[in-house]
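Written out below as structure tokens is the structure these notes cover.
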Amino acid sequence: MEDKREIKAKKSQKKQVHLFYCVECEELARKVAAQSDLITLQSINWRNFADGWPNLYINSAHDIRGQHVAFLASFSSPGVIFEQISVIYALPRLFVASFTLVLPFFPTGSFERMEEEGDVATAFTMARILSNIPTSRGGPTSLVIYDIHALQERFYFSDHVLPLFETGIPLLKQRLHQLPDANNIVIAFPDDGAWKRFHKMLDHFPTVGFNSSMNLNK
């Protein structure tokens, strides 16, 4: 019979994650990897051809076969999305055990609906692009998005991906409470949508907004 320590070690090995990242997220990826021995950083050669189009190469492509893989993305501008999407589509096809995409923010989230004929809901377009990520050996891609603009945007994604909405608000609250003038902090919301989305998470602080119809604590 196997020793309990050997069983635990085998379970730990199954949870080893190979983390790839975009250029903008290198520092963040290194900080994440430093928090756990189960996270191994991997790299990508982000190059360009003379005409400006991406010339990409995934290092250690053979080594990640059968492994759990994650990619830390940053869709900070339309110009960087194409090269990252190219890598995101390629990684699950490398015979990996599972694939997780982490988006610290959903850039098109603030335009998630049409208010008049002719409006283009770019949030839905982005969701369709991400919904076409190929499945890995383990099934659909786990799509982790932090503080998405509206929770109903989960319905923009197809069943080919599994959206998981997380929030960094607890970390923000922790940091605010550590400030020397924590008792004087007031949370300001830019619009009614932001208040509806986040005010319950920040109910320990007085809040103000710019919409007079909002029922805010003064």
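How many of the residues making up segment 39-92 are assigned to a loop (DSSP other than H, G, I, E, B) and either within 18 Å of residue 106 (Cα to Cα) or aliphatic (A, V, I, L, M) (or both)?
Final tally of qualifying residues: 8.
Answer yes or no: is there a residue in segment 106-118 that is in contact with a helix residue (DSSP H, G or I) (Cβ under 8 Å, 6 or more places away or on another chain), under 27 Å from residue 17 (Cβ atoms), open to solvent by less than 60 Å² (accessible area, probe 1.4 Å) and modelled with pLDDT of 75 or more.
yes
Could you tell me how many of the residues in segment 155-206 are of a type in the set (Phe, Trp, Tyr) and over 28 Å from residue 124 (Cα atoms)?
Number satisfying all stated conditions: 1.
Can you pull out the residues in segment 183-195 that are part of a helix (DSSP H, G or I) and either at pLDDT 85 or above or exposed (fewer than 13 other Cβ atoms within 10 Å of the Cβ) (or both)?
Once the filter is applied, which keeps residues that are part of a helix (DSSP H, G or I) and either at pLDDT 85 or above or exposed (fewer than 13 other Cβ atoms within 10 Å of the Cβ) (or both), segment 183-195 yields 183, 184.
Is one or more of the residues making up segment 150-158 modelled with pLDDT of 85 or more, surrounded by 15 or more Cβ atoms within 10 Å (Cβ to Cβ) and under 21 Å from the mean Cα position of the chain (by Cα)?
Looking for residues that are modelled with pLDDT of 85 or more, surrounded by 15 or more Cβ atoms within 10 Å (Cβ to Cβ) and under 21 Å from the mean Cα position of the chain (by Cα), one finds at least one in segment 150-158, hence yes.
Looking only at segment 135-149, which residues are modelled with pLDDT of 90 or more and touching a helix residue (DSSP H, G or I) at 6+ places or on another chain (Cβ under 8 Å)?
Selection gives 135, 136, 141, 143.
The values are calculated or read from the model by the stated rules, or taken from the named source; none is laboratory data. Given the structure is predicted, the values throughout are model-derived calculations rather than measurements. Cβ coordinates were reconstructed from backbone atoms using ideal geometry, including for glycine residues, and neighbour counts include every protein chain displayed. SASA here: full protein model, heavy atoms, side chains in, ligands and nucleic acids out. Shrake-Rupley method; radii C 1.70, N 1.55, O 1.52, S 1.80 Å.
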